[in-house]
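K.L.:
Just passing along the structure, written as structure tokens.
The values are calculated or read from the model by the stated rules, or taken from the named source; none is laboratory data. Values in this document were obtained by computation on a predicted structure and should not be read as measured data. Note that each Cβ is placed from the backbone with ideal geometry, even for glycine, and that neighbours are counted across all protein chains shown.
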Amino acid sequence: MTTRSSVRHTAFASAWQTLLPIGLGPAGGYRRLAWNDADLACRQWFRAQAQARDLILDEDGNGNQWAWWGEPGAGAVVTGSHLDSVPGGGAFDGPLGVVSGFVAIDVLRERGVTRKRPVAVTNFSDEEGGRFGIACIGSRLMSGDADPATLLARVDEAGVTMGDARRRGGLLPDAAGPDPARLGRIATFVELHIEQGRRLVDLDVAVGVATAVWPHGRWRIDFAGRGDHAGTTRLADRRDPVLPMAETILAARRAAHDHDALATVGRLAVVPGATNAIASHATAWLDARAPGSDTVRRVVEAVGGAATRAGAEHGVGVEVAEESWSGGAHFGAELRERLAATVKDRLGAVAVLPTGAGHDAAILAAHVPSAMLFVRNPTGVSHDPAEHATLEDCLAGVEALAAVLEDLISEDPIPEAPVS
């Protein structure tokens, strides 16, 4: 006789192993950038998983994929995450939540759970922003938190617009935009995700419930200098944009330390990029995060001020532009406590913790009741191939998610108000 545990194990292993090779690079990291070949293959994997379970596949104009257990309708309980990655990312960030969503449905079906609400597993498109520089595109567009025309005009490093990339994936650009009808179906959204840190490791707990997502944003800092020859131009005559850029990077670290925040410059571009040439232009992208929005703004102000002063010293023009902003989210206490009680009852222990990482759940939280579950990451590393979760903890995450979904779908949906 097949046991509940073996159903969970077999279903997870099968789904995980078929997804694992897609987009894996020779160095071990993933390159599932929005709408590239690997991302399109992940989208096909999602379709196959839905078909194998006889779920209703639904793909919206914003590139988000939905697999419905039951007819799509009001009062839905939705889970899932994303399948795209940062360049060189790990295997678990995003995919763990999508795989766990499918397997949680398998578990509930095997247990004969009575479903009083429709359930969906979703794959939100372009969550990481690794190709076009803005995160959570699919959820932002659906919720009306982003201007479609502005986003579709953005270009990647090869000069391909987001609109053209999406068209290659089979989407019509004019289909992008707010989707209030779809958003209105969602009664609750629960996203399961690997923890991107070490709190669960330190607490020795396999699964946690999120309290909040920190406010965060991305800023582009451009340094306009003058190109010249590295071997003939005197130091006093140079207008080298790389020098103030370097000082700005160090200033970001100091500002983060002074304000008890996080600031990172992880992406640089130098033109023309020749070893024997003084650059004419340099660009640095700043990521800043903190528990409060005001703190993030103070960090960015300090970094921008340092960049301007360093630019003036070296005869280099400086411009700072905000590329994206998220005010973060505080997940509702009632739903959060309900999840924590359910998980503790099923697993025996649960932790509650905030996170500095951005998620689609934070976007949706401004519109529908939303929550997050975290699965322990023994390395504490994320956005890197060292990101990891043990099979035992992954299965604990599935068990926790299944318990939460079972609790949420056991209630009758609130009847829709009649249309006058």
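K.L.:
Would you mention how many residues in the stretch 172-218 are more than 21 Å from the chain's Cα centre (by Cα), closer than 24 Å to Ala41 by Cα and among the aliphatic types (A, V, I, L, M)?
P.N.:
Result for the stretch 172-218: 2.
K.L.:
I would also like to ask the following. Would you tally the residues in the stretch 85-127 being in a loop (DSSP other than H, G, I, E, B), farther than 27 Å from Glu392 by Cβ and touching a Phe, Trp or Tyr at 6+ places or on another chain (Cβ under 9 Å)?
P.N.:
Result for the stretch 85-127: 5.
K.L.:
Let me confirm something: among Asp287, Asp260, which residue is of a type outside the set (A, V, I, L, M), closer than 30 Å to Trp214 by Cβ and out of contact with any strand residue (DSSP E or B) (no Cβ under 8 Å at 6 or more places or on another chain)?
P.N.:
Asp260
K.L.:
For Asp174, state whether it is free of Cβ contacts under 8 Å to residues at least 12 places away in the same chain, surrounded by fewer than 18 Cβ atoms within 10 Å (Cβ to Cβ), within 24 Å of Arg31 (Cβ to Cβ) and among the charged types (D, E, K, R).
P.N.:
no
K.L.:
While we're on this one: Would you be able to say whether some residue in the stretch 18-38 is surrounded by 16 or more Cβ atoms within 10 Å (Cβ to Cβ) and within 24 Å of Ala400 (Cβ to Cβ)?
P.N.:
yes
K.L.:
While we're here: Looking at (1) surrounded by fewer than 20 Cβ atoms within 10 Å (Cβ to Cβ); (2) among the hydrophobic types (A, V, I, L, M, F, W, C); (3) out of contact with any Pro (no Cβ under 8 Å at 6 or more places or on another chain), find the lone condition where Phe12 falls short.
P.N.:
So the condition that Phe12 fails would be (1).
K.L.:
Among the residues that make up the stretch 261-282, is at least one of them assigned to a helix (DSSP H, G or I) and either surrounded by fewer than 21 Cβ atoms within 10 Å (Cβ to Cβ) or outside the structural domain of Ala120 (by TED's automatic domain parsing) (or both)?
P.N.:
No; the residues of the stretch 261-282 include none that is assigned to a helix (DSSP H, G or I) and either surrounded by fewer than 21 Cβ atoms within 10 Å (Cβ to Cβ) or outside the structural domain of Ala120 (by TED's automatic domain parsing) (or both).
K.L.:
Right, here's the next one. Within the stretch 83-104, is there a residue that is modelled with pLDDT of 95 or more, charged (D, E, K, R) and under 30 Å from Arg267 (Cβ atoms)?
P.N.:
Looking for residues that are modelled with pLDDT of 95 or more, charged (D, E, K, R) and under 30 Å from Arg267 (Cβ atoms), one finds at least one in the stretch 83-104, hence yes.
K.L.:
Then there is this: So is Glu313 surrounded by 20 or more Cβ atoms within 10 Å (Cβ to Cβ) and over 22 Å from Arg140 (Cβ atoms) or not?
P.N.:
Spelling it out, it is not the case that Glu313 is surrounded by 20 or more Cβ atoms within 10 Å (Cβ to Cβ) and over 22 Å from Arg140 (Cβ atoms).
K.L.:
Given (1) touching a strand residue (DSSP E or B) at 6+ places or on another chain (Cβ under 7 Å); (2) among the acidic types (Asp, Glu); (3) part of a loop (DSSP other than H, G, I, E, B), where does Asp145 come up short, assuming only one miss?
P.N.:
For Asp145, the failing item is (1).
K.L.:
Output the residues belonging to the stretch 336-365 that are out of contact with any helix residue (DSSP H, G or I) (no Cβ under 7 Å at 6 or more places or on another chain) and either closer than 23 Å to Ala181 by Cβ or in a loop (DSSP other than H, G, I, E, B) (or both).
P.N.:
Gly348, Ala349, Gly356, Ala357, Gly358, His359, Ala361, Ala362, Ala365 - these are the residues of the stretch 336-365 that are out of contact with any helix residue (DSSP H, G or I) (no Cβ under 7 Å at 6 or more places or on another chain) and either closer than 23 Å to Ala181 by Cβ or in a loop (DSSP other than H, G, I, E, B) (or both).
K.L.:
I've got another one for you. Output the number of the condition that Glu247 fails; it satisfies all remaining conditions of (1) surrounded by fewer than 23 Cβ atoms within 10 Å (Cβ to Cβ); (2) outside the structural domain of Asp393 (by TED's automatic domain parsing); (3) in contact with a strand residue (DSSP E or B) (Cβ under 8 Å, 6 or more places away or on another chain); (4) not small (Gly, Ala, Ser).
P.N.:
It fails just one condition, (3).
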